[in-house]
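K.L.:
Starting off with a structure, shown below.
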Amino acid sequence: MTTVLLMGPPGAGKGTHAGHLAGHLGVPVISTGDLFRSNVARGTELGRTAQRYLDAGEYVPDEVTNDMVRDRLAQDDARSGWVLDGYPRTLEQAAVLDEILRGQGRALDAALVLLVDSEVLVDRLLRRAEIEHRSDDTEEVIRRRFEVYHTQTAPLLNLYAGRGIHYEVDASADIDTVRGRVWQVAVELKPAA
Ligand code: ADP
């Protein structure tokens, strides 16, 4: 049973490395960005609420996000643990996650932070925009997403560092190199049986 947060600014590679990490740990990836986009694509009520925030690069209100995550973490496949990609992003979300975990008699094992220089990030996101056509990958919205990340999410890193569960990975290198670094953390989290 392993519970890991994958943190870092937009474009740091959370989605890419969440998959590898979760595969190694044998747990599902739960990505709030993917959950929102899937709701938008399916035209659900949640999707209709979330869309304008996503398009503007703003966070979806905590209440909406927390309810969605609470439901998702209560599903069967989450019993074995998970890698959370993109949650929590605010102090209030972090408090709610603590409360959910307490209710399940669990603790958080690690917060893995991908660190990348912000100009490298903007380039990566603009390149991704040409391939994936995400509505929030325009330069203006990307800049807003960084601002929001720095004001609302960066303070969470101190919270987890204070608990001694914070692992930093330099993620400016190519994907294979970063994957190797993430792997080293995964090995620490899951010692060989
Ligand atoms: P990125 O990390 O590149 O910004 P994500 O796919 O993780 O991409 O998130 C895309 C968008 O989804 C965010 O800009 C925000 O609007 C919404 N979102 C994702 N996770 C959260 C969250 N925990 N709280 C509020 N909004 C969120």
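K.L.:
Does R72 satisfy being open to solvent by 50 Å² or more (accessible area, probe 1.4 Å) and either out of contact with any Cys (no Cβ under 7 Å at 6 or more places or on another chain) or of a type outside the set (F, W, Y) (or both)?
P.N.:
For R72, the condition - open to solvent by 50 Å² or more (accessible area, probe 1.4 Å) and either out of contact with any Cys (no Cβ under 7 Å at 6 or more places or on another chain) or of a type outside the set (F, W, Y) (or both) - is not met.
K.L.:
Here's a follow-up. Taking the conditions exactly as written (within 12 Å of the ligand (Cβ to nearest atom), at pLDDT below 95 and among the polar types (S, T, N, Q)), does T90 satisfy them or not?
P.N.:
Criteria not met by T90.
K.L.:
Go through the range 91-116 and count every residue that is open to solvent by 10 Å² or more (accessible area, probe 1.4 Å) and either assigned to a helix (DSSP H, G or I) or under 16 Å from T153 (Cα atoms) (or both).
P.N.:
Selection size over the range 91-116: 11.
K.L.:
Does the range 102-133 hold any residues that are within 29 Å of G81 (Cα to Cα) and more than 17 Å from the chain's Cα centre (by Cα), and which are they?
P.N.:
Within the range 102-133, R102, G103, Q104, G105, R106, A107 qualify.
K.L.:
Something else: Checking the conditions here, which among P28, P61, P10 is within 9 Å of the ligand (Cβ to nearest atom) and in contact (Cβ under 8 Å) with a residue 40 or more places away in the chain?
P.N.:
Going through P28, P61, P10 in turn, just one is within 9 Å of the ligand (Cβ to nearest atom) and in contact (Cβ under 8 Å) with a residue 40 or more places away in the chain: P10.
K.L.:
Still on this structure, please answer the following. I need the full set of residues from the range 78-87 which are open to solvent by less than 70 Å² (accessible area, probe 1.4 Å) and away from the ligand (no atom under 12 Å from the Cβ), in order please.
P.N.:
A78, S80, G81, W82, V83
K.L.:
Another question, then. Going by the structure shown, is D55 of a type in the set (D, E) and either modelled with pLDDT under 95 or more than 11 Å from the ligand (Cβ to nearest atom) (or both)?
P.N.:
Here the answer is yes, as D55 does meet what is asked.
K.L.:
Something else about it: I need the helices (runs of 4 or more DSSP H) fully contained in the range 136-193, keeping only those with at least 3 residues that are without any contact (Cβ under 8 Å) to a residue 12 or more places away in the chain.
P.N.:
Per the criteria, 154-162, 175-189.
The values are calculated or read from the model by the stated rules, or taken from the named source; none is laboratory data. Just so we're clear, the structure is a prediction, and the values are computed from it rather than from any experiment. All Cβ positions, even for glycine, are placed from backbone atoms using ideal geometry, and neighbour counts span all protein chains on display. We work out accessible area using only protein heavy atoms, side chains counted, and drop any ligands, DNA or RNA first. Shrake-Rupley method; radii C 1.70, N 1.55, O 1.52, S 1.80 Å.
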